[in-house]
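The values are calculated or read from the model by the stated rules, or taken from the named source; none is laboratory data. Just so it is clear, the structure is predicted and the values come from calculations on it, not from any experiment. We place every Cβ from the backbone using ideal geometry, glycine too, and count neighbours over all the protein chains shown.
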Amino acid sequence: MRILLASCQPRLLGPPILSALLFWIAFFPVHWPWVGWFAFVPWLAGIARQSNKQRLFSSFAFGVGFYGLALNWMRVADIRMVATWAMLALWATLFSVILGWVVGKIYTRHPQGGMVLAFPMAILPIEWMRAFALEGFPWYFLGHTQHDSLPLLQLAELGGAYLLTLLVALVNGLLADIWLGKNNFYPNSVSIALKTMGVGLIVAGSILYGYGRLGPTEWHEGTEIAVLQADHPQGIRNSAGADQVRLEYQEMIRTLFLSGLKPLLLIWPETSYPALVDITGLNNGIWLPEKERPNRPSQLLGASTLVEPKGQPSKQFNSSVLFDPKGVPIDHYDKIHRVPFGEYVPLKEWIPFLNMLAPYDHDYSIAMGEKRTRFPLPYSPNPLLFGAAICYESGDSHHFWSLAGGDGKPPVDFFINQSNDGWFHGTEEHEQHLLLLRFRAVETRRPVIRAVNMGISAWVDPYGRVLNPKEIPGHPSKNDPKIFAMTKEELPTREWGNFKQNAVVLVGPVPKIAQGITKDWAILQGSWPGIVALGSLALILFGNKKKARD
């Protein structure tokens, strides 16, 4: 910190703050994705002319500026979450400081490569580390800015969101080199024309690859699924009686049945079932359907669950619990990736004051799940399996990859993401949360069906399209929840916000999986940034003996 303060000069603030603003603009709520292609140029051009100490200060300013803006939606959840917002922003800023230091080291030791070498080699492993450090924070990657470009999004099947980060980072690095060369700050060992040609060919090849991989949305016939989306702010959920919440969901179900639709499965959002469910002894039993399909659907509850093993302490979980049409439990999935301070307080036994950052006064901690469940889709004409991901597990690519067969077990046919976004009152968090699932769908080539309290519930097909729901006319009364049927058309991103902060029922069949890449190649999706990290380290350790700049 003393180094940062000693290097604090007003003239150093301009480039990083400008880059922070540009990068923020590329995401929601502004959502100008094209800005992502040059957002880092001012910061990179500044780093090239700075000393190591100045780079640390500049990088700190960028991180605080960007994450302070990007994560401001956290503060609306609870007054105590303001401190959590500040802590997470500072934690993410630490990775920005490391990023600036690594970029500077590679640039000064390999000036002939310029920023087109230094920036991609640094940002990939830094994003990778941020995704896994402690509980991980895999949001706001540079590659995420391009979620709305379907051709480029298809690259995610080869290398996840990291591959899009590489592509966008190459363009940012090239533009920074052009700027530096124009102003005589750039050592022109490798011609700008050659670099421009190389990056241009990579971008063009990526677009052509993406168009070649796009395909039509196809349905599994007879697999209608309904998603129940309530509009309960977290404060109301905390204070409302269980009977009131139950009545509102029953009203949605009643309206659905009066419409004449008969889905196989009803999906509740995360922790929306208004009672504690005892799942003691419920472990992967063999479920055999009856010969005739019942009139009622099965239900996937998002529920708080309890396990009371004999002679052992009880545990509570955040779970997805599947019940057959008769109300008999089939199986459950307990959330593995818990949210710090949202679902438990880390290190509270050693650092008690951390409890002050939690949104509740009581001990609300849940236990961590231990298995990734494959659920059967009851009474499906074709046997289908699905996997569940709860809340921010939408950002855990390893979880989705494992359920898609990466762990050696039978692959699922689709995913269900249950979430409670009632904490965030219609902020841009809703859109940011949904865009992550576009990457998960393409990475696994499997559709994702999303059920969210307060929205945005959605169907995402295997190509990353968020499908467009069309309202079914003829409700029993004006006060009934609206019912929407899914189409094969894409829902424009500007219309995503129409499906948050309202009570709706979405109904549609399960999209079919798309043909993906081989499993052997898919293994590299999550691990190859680690290989880049080793390459980045080698560039730092084995660069020019005499540095070009310090």
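Taking region 206-242 as the range and being modelled with pLDDT of 95 or more, of a type outside the set (F, W, Y) and part of a helix (DSSP H, G or I) as the test, the residues that pass are S206, I207, L208, G210, G212, R213. Each residue in region 429-474 was checked for being aromatic (F, W, Y) and either more than 18 Å from G160 (Cβ to Cβ) or part of a loop (DSSP other than H, G, I, E, B) (or both), and 2 of them qualify. Answer with yes or no whether L347 is at pLDDT 95 or above and surrounded by fewer than 18 Cβ atoms within 10 Å (Cβ to Cβ). It is false that L347 is at pLDDT 95 or above and surrounded by fewer than 18 Cβ atoms within 10 Å (Cβ to Cβ). Mind telling me which of the residues G426, G405 ends up being assigned to a helix (DSSP H, G or I), surrounded by fewer than 22 Cβ atoms within 10 Å (Cβ to Cβ) and assigned by TED's automatic domain parsing to the domain that holds E370? The match here is G405. Hey, does region 498-505 have a residue that's charged (D, E, K, R), within 20 Å of the chain's Cα centre (by Cα) and modelled with pLDDT of 95 or more? For region 498-505, residues charged (D, E, K, R), within 20 Å of the chain's Cα centre (by Cα) and modelled with pLDDT of 95 or more: absent. Taking first residues from region 274-301 that are closer than 11 Å to K326 by Cα and partners that are hydrophobic (A, V, I, L, M, F, W, C) and in a loop (DSSP other than H, G, I, E, B), the Cβ contacts under 6 Å between residues at least 6 apart in sequence or on separate chains come to P297/L264. The condition of being surrounded by 22 or more Cβ atoms within 10 Å (Cβ to Cβ) and hydroxyl-bearing (S, T, Y) holds for T165. Exactly one of (1) under 22 Å from V82 (Cα atoms); (2) assigned to a strand (DSSP E or B); (3) of a type in the set (G, A, S) is unmet by S365. Its number? Tallying (1) under 22 Å from V82 (Cα atoms); (2) assigned to a strand (DSSP E or B); (3) of a type in the set (G, A, S), S365 fails exactly one: (2). In this structure, does A193 turn out to be more than 30 Å from S304 (Cα to Cα), at pLDDT 95 or above, not in a strand (DSSP E or B) and not assigned by TED's automatic domain parsing to the domain that holds P492? So A193 does not fit the description; no.
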